[in-house]
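In what follows, a single structure is set out as structure tokens and then discussed.
No value in this document is a laboratory result; all are computed from the given coordinates. Note that the coordinates shown come from a computational prediction; the quantities given were computed from them, not determined experimentally. Don't worry about glycine lacking a Cβ; one is built from the backbone with ideal geometry, like all the others, and counts go over all protein chains shown.
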Amino acid sequence: EFPRPPLYHGSWDMLIEILKTDEDLFRDPHEVTLRKERSFQGDSRKAVSSRKKIARLLLDMLRARSRLFAFSVIILGHKARILRVDRSGAVVTELFDWTYRNGPLDVFFSTFGTMSRDERGYDPFVTLPTPFEIDMARKTFEHRGIPGSSIDGAMQKITIIDDATEAKHSYVVS
């Protein structure tokens, strides 16, 4: 088994989790078993616990970063799975040996490294406001009786397109 370092969320571009092999969230069907005849979700107590933890982390990631979807890599000893998760569910690879040079994990990471923010799952209608927009938002909040200094956290600019007129309306929120 590999050591279990503390989970690092970093920029939240991707969740990478290292689990013990008996904590695998899923189980691959045997080749002779039809996929529709067998549940893909692991049902051991450890698998269910790991799946809940990772689902919670990924949902937090989607919410906190205005994501439409996200990728995750689960490492289980010398095996791994890649997940693409959105609010309706997940697409999960079968277990593969990640230690091979130019294997699936190498290809995934090299592809992921060239993806745009949109391709990585960020909502293209939620962006960072300019310093001018932040200053204007703080002044608007203060004008409405909300002290600008009491606004905590990062501000985001949400753009909404009016379907009827195709006009863009942007709002800075905190």
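Here are some notes:
- Dimensionless Rg/Rh of region 71-115 - Kirkwood Rh, Rg from C-alpha atoms: 0.98
- Once the Cβ-Cβ distance of Asp22 and Ala164 is raised to the sixth power relative to R0 = 35 Å, the FRET efficiency obtained is 0.05.
- Full extension of the chain between Met155 and Ala64 yields a length gain of 31.6 nm, computed as 0.36 nm times the residue separation minus the alpha carbon distance.
- Couplings 3J(HN,Hα) for region 111-124, derived from phi with the Karplus relation 6.51 cos²θ - 1.76 cosθ + 1.60 (θ = phi - 60°), are 6, 4, x, 9, 6, 6, 4, 4, 5, 8, x, 6, 5, x Hz, where x marks Gly and Pro.
- Nonlocal amide H pairs with Trp98, under 5 Å, H built at 1.01 Å: Lys79, Ala80
- Extension gain for the segment Asp86 to Arg117, taken as residue separation times 0.36 nm less the Cα-Cα distance, is 9.6 nm to one decimal.
- Summarising the label geometry, the points placed 7 Å from Cα in the beta-carbon direction at Ala55 and Asn102 lie 3.9 nm from one another.
- Per-residue packing, averaged as other Cβ atoms within 10 Å, sorts the ranges 76-86, 56-66, 94-104 into the order 76-86, 56-66, 94-104, beginning with the highest.
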